[in-house]
Amino acid sequence: MNSKYITLNANDFEKAIADSSAIILDVRTADEYSGGHIPNAINIDLSSPNFPDEAESRLPKYRTIAVYCKNGVRSQMAATLLANRGYNIIYLHGGISEWIKAGKETTGE
């Protein structure tokens with residue numbers, strides 16, 4: 001377990017994002033995002049060199065950021081980076097792959 005952010009499984013992540021104050025952040029590429037994402041998620045590609053600046057400009061620090069990617073690797077890196085910048089982060093263990101496996105809703109495909 002990482003002390004800088006909270007790691008959740010798909011069921012607990014779903015409960016956490018039901019709180020409308022959480023911002024859902026998909027850190028995959030735009031193509032991956034358009035192929036299907038968690039409803040109401042915003043997309044900021046972690047592989048973009050502008051990721052830190054774009055995150056700072058689009059994500060208020062007073063809101064919880066619920067971050068995910070495809071399998072959890074990129075979102076874990078994003079969770080660490082954002083937590084180190086003072087954000088309150090929750091991280092979807094296993095990414096959208098686990099979300100879909102758990103039968104959760106996606107949109108955009």
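Using the Cβ of Ala10 as centre and a radius below 13 Å, the other residues enclosed give a net charge of -1, where K and R count +1 and D and E count -1. If the convex hull of the alpha-carbon atoms of the stretch 6-101 is projected onto planes in all directions, what is the mean projected area in square nanometres? Spelled out: convex hull of the Cα atoms, projected over all directions, averaged, 5.3 nm². Residues whose amide H lies under 5 Å from that of Thr64, counting only those 5 or more places away or on a different chain, are Ile23; hydrogens are built 1.01 Å from N in the peptide plane. Computed from the C-beta positions of Glu54 and Thr107, the FRET efficiency with R₀ = 25 Å rounds to 0.70. Tell me which lysines have Cα within less than 28 Å of Lys61's Cα, excluding those fewer than 8 residues away on the same chain? Partners found: Lys4, Lys15, Lys70, Lys104.
Each reported figure results from applying straightforward, stated rules to the coordinates on display, with no laboratory input. Since we're looking at a predicted model, the values are computed, not measured. Please note: Cβ atoms are built from the backbone with ideal geometry, for glycine as well, and neighbour counts cover all protein chains shown.
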